[in-house]
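Participant: Quick one: this structure, given as structure tokens, is what I'll be asking you about.
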Amino acid sequence: LLMRDVLFANAIAAMLAARVRMLYGLAEDATLRSLRARVAHRLLVLARGDATQSQHTRQRVALPQEALAMMLGVTRQTLSKELNALAGEGVVALGYGRIELLSLEALQRMVSTG
């Protein structure tokens, strides 16, 4: 009954299309991008609110490294090496259960160069 409503049907179709795009993006990340680009991309997605993808980017991502490692399909130790390298370059700052994004531009460049 609800699918007969054009506005509802269009909203559902748009939501499904967005999810398909997200899934293709995840597959692309896993197969074509370096770990550094994948970490940068995930941090930027999380900074925009993950599912909501807000126009406003947060400077702080409140997330344990274990959870981020699981999202990326890597070990926490592997992720820690990558985050420490990014911190050494001044791109991020690491804290307990949070990651400060110091240079959104540098993260975006990493995603672009893949």
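Participant: In segment 82-114, which residues are polar (S, T, N, Q) and touching a residue at least 24 places away in the same chain (Cβ under 8 Å)?
Facilitator: If the condition is that a residue be polar (S, T, N, Q) and touching a residue at least 24 places away in the same chain (Cβ under 8 Å), then 108, 113 are the ones that fit.
Participant: A further question follows. Every residue in segment 88-114 that is of a type outside the set (Lys, Arg) and part of a strand (DSSP E or B), please.
Facilitator: Once the filter is applied, which keeps residues that are of a type outside the set (Lys, Arg) and part of a strand (DSSP E or B), segment 88-114 yields 92, 93, 94, 95, 99, 100, 101.
Participant: Taking segment 71-106, which residues are aliphatic (A, V, I, L, M) and modelled with pLDDT under 95?
Facilitator: Residues satisfying the conditions are 71, 72, 74, 104.
Participant: Among the candidates 23, 16, 7, single out the residue that is at pLDDT below 90 and surrounded by fewer than 12 Cβ atoms within 10 Å (Cβ to Cβ). Give the steps one after another, and end with the answer.
Facilitator: Numbers: 16 fails: at pLDDT below 90; 7 fails: at pLDDT below 90.
It is 23.
Participant: Does residue 42 satisfy the criteria of being charged (D, E, K, R), over 22 Å from residue 109 (Cα atoms) and modelled with pLDDT of 90 or more?
Facilitator: no
Participant: When only residues in segment 59-74 that are of a type in the set (A, V, I, L, M, F, W, C) and assigned to a helix (DSSP H, G or I) count, which is surrounded by the most Cβ atoms within 10 Å (Cβ to Cβ)?
Facilitator: It comes out as 68.
Participant: Go through segment 75-103 and give me each residue that's acidic (Asp, Glu) and crowded, with 17+ Cβ neighbours inside 10 Å.
Facilitator: 82
The values are calculated or read from the model by the stated rules, or taken from the named source; none is laboratory data. Only a predicted model underlies this, so the values are computations on that prediction, with no experimental measurement involved. Here the Cβ is made from the backbone with ideal geometry for all residues, glycine too, and neighbour counts use every protein chain on show.
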